[in-house]
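For reference, the structure discussed in these notes is given below.
The values are calculated or read from the model by the stated rules, or taken from the named source; none is laboratory data. Keep in mind that this is a model prediction, so the values were computed, not measured. Here the Cβ is made from the backbone with ideal geometry for all residues, glycine too, and neighbour counts use every protein chain on show.
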Amino acid sequence: MMEFKRAGAAAAFGLAALFAAGAAQAQTKVAIGISGWTGFAPLTLAKEAGIFAKNGLDVTIKKIPQKDRHLAIASGDIQCAATTVETWLVWDAAGIKTRQIFQLDKSYGADGMAVRKDIASIKDLKGKTVAASAPGTSPYFALAWFLKENGLSVKDVKVVNMEPGPAAQAFIAGQNDAAMTYEPYLSAVRDKPDAGKIIATTLDYPMVMDTFGCTPAFLADDKAAAALTKSYFEAIAMIKADQAKAYGIMGADVKQSGEEFGKSAAFLRWSDAEGNKAFFAGDWQAFNAKAADLLLEMGLIKAKPDFATLVDTKFVAGK
């Protein structure tokens, strides 16, 4: 009798292990490329809080500079990425085909330009040195946008290519006349008023918004794409339900306390399901049209793409 029970227990254990193995195999693997930008933090929250796993995804998040993120997509190192809306236009022009499936955030002062105290206006930057990421990145595009709105272009300044974190630190250390950066690095400049001032942000020029997209091959699996979208919205819901815990998790990823992270997050808005539907109903199209004109002027694209090929809104719509 004892032997029978042992055999039965062993069989039950083996069956449970088989089911567990099957569940593990059911997890869809996906690698996502992001940066330390505060707006992308809900993706980190979805991973660290187990939301992705709960929805059947085995997610690897890789910190990759924006200037290199499309190369990681092209190599197959990542299947999905987070970046600014206009950047997908540049990647598409470079032959990197992707589709955006949901909006992440919109900057409300989280991206900005820091300048020395003696610079009274953006027009005074003519002939000056500005630190900004490489062409094809959000800070470089923001620089071009800010300058254009003030009658200048990137040809009127000397651009030193530096990533947002180093650009902010170099500015605080006294290097360069100006710097383009974003949260959480922009707050480092806010905390050092002796170094200079923030002359303009996306409150003055609302033009930084981020979306999440993947390769067509990955999006062929509707279930996985839907799970990514659902997971993001669940992370947003978690932030609303338990802000302190969520801020603590997201802040730890960029070496901030929950309180520090909250201060950075105050300068942006994450987009929930309803916000996404509104965004893709008109704002996305209008911004792409204006952004494409500037990218053409900058020489970063040679022609406007068919915008419809750059997006798939069925996951936001819940279809």
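What to note about this one:
- For region 11-25, the count of residues that are modelled with pLDDT of 95 or more and not β-branched (Val, Ile, Thr) is zero.
- Condition check for residue 280: in contact with a Phe, Trp or Tyr (Cβ under 9 Å, 6 or more places away or on another chain), of a type outside the set (Gly, Ala, Ser), modelled with pLDDT of 95 or more and over 25 Å from residue 154 (Cβ atoms): yes
- Count of residues meeting criterion [more than 18 Å from the chain's Cα centre (by Cα) and assigned to a helix (DSSP H, G or I)] in region 284-319: 17
- Where strands (runs of 3 or more DSSP E) sit wholly within region 48-107, those with at least 1 residues that are under 11 Å from the mean Cα position of the chain (by Cα) and surrounded by 23 or more Cβ atoms within 10 Å (Cβ to Cβ) occupy 80-84, 99-107.
- Region 124-138: number of residues that are part of a helix (DSSP H, G or I) and modelled with pLDDT of 95 or more: 2
- Test: residue 286 is within 23 Å of residue 216 (Cα to Cα) and either small (Gly, Ala, Ser) or loosely packed, with under 12 Cβ neighbours inside 10 Å (or both): no
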